[in-house]
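Structure, as structure tokens:
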Amino acid sequence: QDWFHTLPSGSISSFEELAYVFTKEYTSYRTIKKNPDHLFNVHKKFDESLRDYIKRFKVERANIVGCDDQIASSAFKRGLPIECELYRELTISPRQTLIEVFATAERNALWDDDQITAKKADQAAKQESKEN
């Protein structure tokens, strides 16, 4: 690699020094393994659609090797605002599998998407009527 050839001649006198320089050069490329508890830090943002939260949660979940589905299900629910209809639904009829949780979430995302589209159309109609 290029960085190796830029080292001044005789600057490395031991394997420990070489290991230190190598580690210093490549630590930024290392992927840090995340603990399943990390998922409890993933929350739906105020201005984020439900669909975007689902996608973001799934990406975070995919980065954790060996994450138990029950932990992921619980973390997903905890990341939702309490006033969210999906939070209510997951509380009233708890799902046993992560697949069921995501299926329920996807159905709710359809409703969420429809509400967002309807609000935008309503705002556009109001704006148009003000201009006329």
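Computed values, structure above
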| quantity | calculated |
| --- | --- |
| Gain on full stretching of the segment that runs from residue 59 to residue 35 - 0.36 nm per residue minus C-alpha separation | 7.2 nm |
| Rg in Å to one decimal, and Dmax rounded to a whole Å, for segment 71-116 via C-alpha atoms | 10.1, 30 |
| Choice from 103, 121, 62 showing the highest fluctuation, given a GNM over the chain with Cα pairs closer than 10 Å | 121 |
| Net lengthening on full extension, residue 14/residue 124 (0.36 nm per residue, minus Cα-Cα) | 32.6 nm |
| If the convex hull is drawn through the Cα atoms of segment 36-131, its volume per residue in Å³ | 96 Å³ |
| Between 0 and 90°, nearest 10: helix 98-131 axis offset from the chain longest Cα axis | 60 degrees |
| Spin-label pair residue 52/residue 21, simplified geometry with 7 Å Cα→Cβ offset, distance in nm | 4.6 nm |
| Cα-based reach from residue 119 at 24 Å (exclusive), listing lysines while leaving out same-chain residues under 8 positions away | 44, 45, 55, 130 |
| Fluctuation leader among 118, 75, 109 - the chain, Gaussian network, Cα springs under 10 angstrom | 118 |
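Read the figures in this text as sums done on the coordinates, not as results from a lab. Note that the structure is predicted; figures quoted are calculated from it, not measured. Using ideal geometry, Cβ is built from the backbone for each residue, glycine included, and neighbour counts are taken over all protein chains shown.
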